[in-house]
Each structure stands twice: as C-alpha cells, then as structure tokens.
Amino acid sequence: MTFIKPRPYRRLTRSWCWWCCKRAAMKDMFKLRDGPVDWYFCDSEHALNWLEWRHRSVRANKVLRMLPRERETELQGRTIEDFLIR
Ligand SMILES: [Zn+2]
C-alpha cells in the first residue's frame, strides 16, 4: 500500500458550488463577494438561486450553509431544488 500525501495547494485552487455542491476549479467558477467572504458557484444562475433562497426560510438557510458532506446527509439523494421547492 502506498501512502499518497495530500497536496495542500488543491484546497486553494478547487472549490464547490454553494448552490448544488458541484466541485470545480475556482478559476472556472462564478465568484460572488459578500463582505469578507468569497462564495463560489457553477455560474451566475446558481449564484442568483442561492441569493434568492438563502434568506427565504430558516430551513433553506441552514442547508445552504452546510458543507458538501453534511448536505449530502441532509438531502439524502435529492437535489437542492427538490429539497427547497417541495
Ligand atoms: Zn452549481
């Protein structure tokens, strides 16, 4: 068995979409600056969805702030659209 050292720079060059959790290279993503925080999205449409939904309910706000792994548990295979709109 070979131990592969994690490459620390990957954390700085890749991110995930805060709307749908899809991962991509930061340079290809849509960046939204909100105060001191940079949020990343697949595209402007996902950024707009996120802006529209995040303050709509406590439930939506909670899930949209979760990291991908936590969110996977919460959504149980549903997409974020299914979860919010149902
Ligand atoms: Zn997305």
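Looking at region 34-64 only, could you name the residues that are among the charged types (D, E, K, R) and either under 19 Å from Arg86 (Cα atoms) or modelled with pLDDT of 95 or more (or both)? Of everything in region 34-64, those that are among the charged types (D, E, K, R) and either under 19 Å from Arg86 (Cα atoms) or modelled with pLDDT of 95 or more (or both) turn out to be Asp43, Glu45, Glu52, Arg54, Arg56, Arg59, Lys62.
Total residues in region 23-57 satisfying the condition of being in contact with a strand residue (DSSP E or B) (Cβ under 8 Å, 6 or more places away or on another chain) and on the phi > 0 side of the Ramachandran plot: the figure is 0.
For every residue, the table says whether it meets (1) under 13 Å from Cys17 (Cβ atoms); (2) acidic (Asp, Glu); (3) in contact (Cβ under 8 Å) with a residue 60 or more places away in the chain.
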position	(1), (2), (3)
Asp34	no, yes, no
Phe41	yes, no, no
Asn49	yes, no, no
His55	no, no, no
Gln76	no, no, no
Ile80	yes, no, yes
Arg86	no, no, no
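The values are calculated or read from the model by the stated rules, or taken from the named source; none is laboratory data. These numbers come from a predicted model, not from an experiment. Using ideal geometry, Cβ is built from the backbone for each residue, glycine included, and neighbour counts are taken over all protein chains shown.
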